[in-house]
Amino acid sequence: MPRPNEREYLQEIFQLFAKISYVYIVRKRVQYFEYLPFLAVGIEMATSVLNSGEAEEKLELAMWMKHNLGLPHEFCVITFELGSKALKENMKAVPGSLVYSTFKK
């Protein structure tokens, strides 16, 4: 999980992307190399119904994040789709996983 200073850095980065609604980060349990943290970054985007360029836009965002996001550990980027509802719900259930939201509580 990101430390407080990393969390602030990430929030600044995610604010640059108007279509990002929520970002969750969790540490994935792995069977081998337990000592090497591996993070999953889940991004929920505000989308319009039947936007033909949406898939390409999500892919571009994920690729940009993978190449430019300065996390101290290896990570993968997931842009939630309709078929990834269970994964999104599991990530949301991890305490402290929400690192960014455009909606203030």
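Points worth noting:
- Extension gain, ARG27 to LEU59: 0.36 nm times the residue separation minus the Cα-Cα distance gives 9.3 nm.
- With kT/(6 pi eta Rh) evaluated at 4 °C and eta = 1.567 mPa s, and Rh the Kirkwood radius from Cα pairs, the chain diffuses with a coefficient of 90 µm²/s according to Stokes-Einstein.
- In the chain, the longest principal axis of the Cα atoms and the axis of helix 54-68 are about 30 degrees apart.
- Residues of type aspartates and glutamates that LYS19 reaches as a straight line, Cα spacing below 13 Å, ignoring anything fewer than 8 places off in the same chain: GLU44, GLU54, GLU57, GLU60
Computed from the coordinates by the stated procedures, all read-outs in this text should not be read as laboratory data. Remember, it's a predicted structure, so these values are computed and weren't measured experimentally.
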